[in-house]
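Below is one structure, written out as structure tokens; comments come after it.
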Amino acid sequence: MKLRSHKLGFSLIELLVTISIITIMTGISIPSFRNYQYKTGLDYNSRLIKNEIQFARSYSLSPPTAYSGSDMFGIKIDPNTKRIIKMRKNESDLTGAGIEIESPIIIAENYSITQPTSETIFYFKIGYNGDLYKVDNRLPSSNVTIKLAENRTGDEKTIIVDRLGMIKID
């Protein structure tokens, strides 16, 4: 009678080869995954800024009420503290500082606002179809450009608010 030997399990060599292949594939995929995270974070933060601007503009498109009167709603951007703040300002008090209407949005530390280089405030005036207005002379302003950069990769997103209040991310 002939004895049969049954092989149960894997040999040590087979296990080592499999583990080596998994290790190599993981090592290759981690940098790609990190770049994906950075790009996704940049997209998220640029959409966050865009949403804040759209929020201020949507207030200006609503009809005047006893609460809002002839106010202007806008955004204050401080590139040094990386804060985006929604503001409210009375049209009759153009020299005043305006009122923060919500807690600020703070951009994560690994991102920077490269443009504007100094604190910038722009408003949308109620009753003017959401057009962009400068506070100093109340004339329709030119486009406002905001550049957001990812510090590790150097990638940039540009948010452009044209004088009609339309917002575009490049």
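The values are calculated or read from the model by the stated rules, or taken from the named source; none is laboratory data. Model, not experiment: these values are computed from the prediction. Every residue, glycine among them, receives a Cβ derived from its backbone with ideal geometry; neighbour counts consider all protein chains shown. Side chains are part of the model used for accessible areas, which takes the heavy atoms of the whole protein and leaves out ligands, DNA and RNA. Shrake-Rupley method; radii C 1.70, N 1.55, O 1.52, S 1.80 Å.
Key figures for this structure:
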read-out: Two-site label geometry, T145 and R34: point separation in nm, points 7 Å out along Cα→Cβ; value: 3.1 nm
read-out: E156-T26 pseudo-label distance in nm [points 7 Å out on the Cα-to-Cβ vector]; value: 3.8 nm
read-out: Spin-label proximity, T81 to region 141-158 - amide N less than 16 Å from point 7 Å beyond Cα toward beta carbon; value: none
read-out: 17 Å Cα-Cα reach of K125 towards lysines, excluding residues that sit fewer than 8 places from it in its own chain; value: K76, K86, K89, K134
read-out: Residues of type aspartates and glutamates that K39 reaches as a straight line, Cα spacing below 12 Å, ignoring anything fewer than 8 places off in the same chain; value: E150, D155, E156
read-out: Stretch gain in nm, segment Q54-L16, where the contour uses 0.36 nm per residue and the Cα spacing is subtracted; value: 8.1 nm
read-out: With all protein chains modelled, accessible area of K39 [1.4 Å, Å²]; value: 110 Å²
